[in-house]
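The structure under discussion appears below in the form of structure tokens.
The values are calculated or read from the model by the stated rules, or taken from the named source; none is laboratory data. Worth saying up front: this structure is predicted, and the values here are computed from it rather than measured. Note that we place each Cβ from the backbone using ideal geometry, even for glycine, and neighbour counts take in every protein chain shown.
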């Protein structure tokens, strides 16, 4: 795949992110003027869709909130139908600097990986997680690394680039709820190659994260159970 002819799509899943999504879209347009941007508004109750559209993104809107897994699957389906070579997930809260997208997409464009995951722990940055969330990240990283036989340091990162084969697969098969960790296991079981890329991340630009300490524990248990179920069932 030649870099100069590759079609790149930036997928921004968003739910009640009117405070941040406009700046995120403008950041992407400034750093990657040739990339296309689609914001998937997951049934926001605020002006997320309006702000994203005014900033220059294509907006697809769910009629009601159905979760991050379904939101990203909508983005991947859009990428498949439109024939994109690489789809990069960028969160709407401002944590993922657009200047890091090219670095993240490079191994996918070069054919060295089907998916590249941006790791905040392989590069210096300002990101700091709560104690509960840090513990969950560490456990996920150890479990996933053991399963896929590749060292992973940031399995919960939502900053990732997917090549055409991954786009095709994820447009039909994508985990629900809190899918980043589970998706890596599914890709491994289907024979896709995965690698991490060091990236800098920033603290959330505005608003509040929905991941509280109590929800961190809940998600940790839920995702671990989902992973072990995935290992037992036949993958599609």
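Considered as a group, the residues in region 1-29 that are under 18 Å from residue 65 (Cα atoms) and under 18 Å from the mean Cα position of the chain (by Cα) include one that is surrounded by the fewest Cβ atoms within 10 Å (Cβ to Cβ), and that residue is 16.
Hey, could you check region 192-212 for residues that are modelled with pLDDT of 95 or more and part of a loop (DSSP other than H, G, I, E, B) and say which is nearest to residue 136 (Cα to Cα)? Looking at residues that are modelled with pLDDT of 95 or more and part of a loop (DSSP other than H, G, I, E, B), I get 199. The set of residues in region 30-50 being in a helix (DSSP H, G or I) and either touching a residue at least 40 places away in the same chain (Cβ under 8 Å) or under 18 Å from the mean Cα position of the chain (by Cα) (or both) consists of 30, 31, 48. Filter region 97-120 down to residues that are crowded, with 16+ Cβ neighbours inside 10 Å and assigned to a loop (DSSP other than H, G, I, E, B) and give me whichever is modelled with the lowest pLDDT. Of everything passing the filter in region 97-120, 120 is modelled with the lowest pLDDT. Screening the candidates 75, 69 for the property of being touching a strand residue (DSSP E or B) at 6+ places or on another chain (Cβ under 7 Å), part of a helix (DSSP H, G or I) and closer than 27 Å to residue 172 by Cβ yields one hit, 75.
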